[in-house]
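One structure is given here, and the rest of the page talks about it.
Values quoted throughout were computed directly from the atomic coordinates according to the rules given, and no laboratory measurement underlies them. Given the structure is predicted, the values throughout are model-derived calculations rather than measurements. Every residue, glycine among them, receives a Cβ derived from its backbone with ideal geometry; neighbour counts consider all protein chains shown.
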Amino acid sequence: MGNRADDDGTDVTLYRKALSDTVHADTPTGAPEALLALLDALGFTRRTLTTAGPTYVWHEAPAHLDEAAKNQLASHAVPWLHKAGYLVHISDDVWDPVAYTAAAAALRSHSAPAPPPAASTMGAADRPAGAPRR
């Protein structure tokens, strides 16, 4: 079992798992706890699989989020990960330029990262009628 961050040579690779709506945030084997904790703080759910060999660790967008909110969460994480000095690859199918721009603006005015409000608290079905997608 490998992961895309090892394959891509990145610190974090954000992508949608094939044939599912799961958005993964893969980190290299043996990633530092600081990186894993940052992904936790950004709203991703940490998963682990212990084998006879290594223990695999990855993150996923919370399952209760709809597709748009998962994309927002992934795109929102990119500026915060860059600020912390990590090399990130995000696939086109989860890229949300509006969420990225909002996170980059928030990064300038806040010192601690947080998940985007829409992704952490509501899905598209819960959004008030006429509310813009973030």
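Some notes on this structure:
- Shape category assigned to segment 22-89 from the gyration tensor of Cα positions, a/c cut at 1.5: oblate
- 3J(HN,Hα) from dihedral phi, segment 27-44, Karplus parametrisation 6.51/-1.76/1.60, rounded to Hz, x for glycine, proline: 10, x, 4, x, 4, x, 4, 4, 5, 4, 5, 5, 4, 4, 5, 7, x, 7
- Annotation note: trypsin sites (Lys or Arg not before Pro) in segment 1-68 located in DSSP loop regions with a Cβ neighbour count of at most 15 within 10 Å are 17.
- Residues whose amide H lies under 5 Å from that of residue 42, counting only those 5 or more places away or on a different chain, are absent; hydrogens are built 1.01 Å from N in the peptide plane.
- Computed about its Cα centre, the charge dipole of segment 1-73 is approximately 140 debye, with only Lys, Arg, Asp and Glu carrying charge at their Cβ.
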